[in-house]
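The numbers here are math on the coordinates, done by the rules we state, and not lab data. Treat the numbers as computed from the prediction; the structure is a model and nothing was measured. With ideal geometry, Cβ positions are generated from the backbone for all residues, glycine too; neighbour counts draw on all protein chains shown.
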Amino acid sequence: MKELTYRLPQKRTLTGTQPGPASTAITARREKAVAKALQPGLPGYVVDADGGVLVDIDGNSYIDFASGIAVTSVGASNPAVATAVAEAASHFTHTCFMVSPYESYVEVAEKLNELTPGDHEKKSVLLNSGAEAVENAVKIARAYTGRNAVIVFDYAYHGRTNLTMAMTAKNKPYKTGFGPFAAEVYRAPMSYPLRDGLSGNEAAQRAITKIEQEVGVENIACLVIEPIQGEGGFIVPAEGFLPALKTWCEDNNIVFVADEIQAGFARTGAWFACEHEGVVPDLITTAKGIAGGMPLSAVTGRAEIMDAPVVGGLGGTYGGNPVTCAAALASFEQMKELDLVGRAKDIEAIIREELSALDDLPVVAEVRGRGAMVALELVNDNGKPHPTLTAQVAAECKKNGVLILTCGLDGNVIRLLPALVIPEALLREGLRVLVEAIRTHA
């Protein structure tokens, strides 16, 4: 990969026992001050970050394979983004676009309309979080169709608000104890090639039959799907699954919503994951990588659908905050200037090359994903999910200075989400730590 310039040394450094004394002291404060439900994964408290490293208060430098859950794609302290944030904040930090508007909101909407799939007329609304974007997509689809039902899929993750908890498949920790949930949400079977062995068309027909029989097309406002599922296990549906669903939606006047919150903005080696099969969604939800770490999300889609809600029906106090808009505009330019779409493809090639060292291990059922969104599914001797091994590997990696995340309904999937600006040598080093951890515990 092309060499980039970094502010911090791009190396893994461990100073001693993890966590160090300063982090241990902050943990004691956290346990008294912060709700118990929030349990950080990294042992150290971060004070600096750049490229592919996180530096904690004790001087440890970790290789970061999480990037804030696919947020800091352009880097956690990208100079262009930092400069844009500082410049915007020096003028005004907030006015509320609904009250007193500003140009940067319009500029971000224009760029989203340009970058997202399809050459039809589009409009956008800016919000704060991925869950908020999904909720608003549902609102827009209901206003447009006059229908109520929402179709989601097995293994889906869409957020932590009441409606998006209903749309999310995994119970613990996301839903347990938090019901009752929003009504009119129906779940269909997802294409999961490793487990179901179906072609894309076969899996689509299975889902469509269930939807038609149990919900009825006349009741459906929208179908919401992650083109590559995130928390559910980085599941890439079989080829043809997404196009078949899109065609069925078109035939039945159902709004097709692509949830690209984790997969969007160059992460998969395309601007958006649905582009890999030429799928053009009616609405697309984005967040995470959109603004270099600043809280921003959006719904972008066909102008006639986006204009369906009544005037005043969309919005929010902080949505499209001017500082976050400045960050997004800088991030878009960095994605183009640094060719992060091409770099994501290079990252995938390196990941697959390094993980090929595990080809002889039956515990690795599959390496899957696209671009810098790749996962390993781990199983036991009987081919069943192996969450214990997965947790052991994640802990071993963290102990050795590499931060990785796990996912999947069965907790048996290791997901890799490095920043798209990570240097090649650091990427390879971290992957070799992961390989050794799997071999140690397999």
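So here's what we get for this one:
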| item | result |
| --- | --- |
| Where Rh is the Kirkwood radius over Cα pairs, Rg/Rh for the range 81-337 | 0.97 |
| Those lysines that a straight Cα-Cα span of less than 24 Å connects to K398, excepting residues fewer than 8 apart in one chain | K11, K36, K172, K288 |
| Peptides ranked, highest mean first, by Cβ atoms within 10 Å: ranges 304-311, 286-293, 408-415, 252-259 | 286-293, 252-259, 408-415, 304-311 |
| Amide H contacts of E226 (H built 1.01 Å from N, under 5 Å, at least 5 apart or other chain) | D259 |
| Distance-filtered residues of the range 424-442 - backbone nitrogen under 11 Å, label point 7 angstrom along L194 Cα→Cβ | none |
| GNM result for the chain, Cα springs below 10 Å: residue of G68, G16, G430 fluctuating most strongly | G16 |
| DSSP bridge orientation in the chain - percent antiparallel, rounded to nearest 5 | 65 |
| Protection-proxy order for peptides 128-140, 347-359, 268-280, each taking the mean of Cβ atoms within 10 Å per residue, highest first | 128-140, 268-280, 347-359 |
| Under the Karplus curve 6.51 cos²θ - 1.76 cosθ + 1.60, θ = phi - 60°, whole-Hz ³J(HN,Hα) for the range 68-74, x wherever Gly or Pro sits | x, 6, 6, 9, 8, 4, 8 |
| Spin-label pair N382/D307, simplified geometry with 7 Å Cα→Cβ offset, distance in nm | 5.9 |
| Spacing of the two label points (7 Å from each Cα toward its C-beta) at A22 and F181, in nm | 4.2 |
| Summed residue charge, Cβ within 14 Å of V393's Cβ, Lys/Arg positive, Asp/Glu negative | +2 |
| Taking the range 81-337 and dividing mean pair separation by its residue count, relative contact order in percent (alpha carbons under 8 Å, at least six apart) | 31 |
| Highest-fluctuation residue, L389, L54, L340 considered, GNM on the chain with Cα pairs under 10 Å | L389 |
| Estimated inter-spin distance, A349 and V215, nm [label 7 Å along Cα→Cβ] | 4.0 |
| Given (i) 23.1; (ii) 21.8; (iii) 22.4, the label whose value is Kirkwood radius over Cα pairs in Å derived from this model | (iii) |
| Relative contact order of the chain, pairs being alpha-carbon contacts under 8 Å that are 6 or more residues apart, as % | 22 |
| Calculated FRET efficiency for the pair E3/E87, C-beta based, R₀ 35 Å, to 0.05 | 0.80 |
| Under-5 Å amide H pairs with V374, H placed in peptide plane, nonlocal only | L416 |
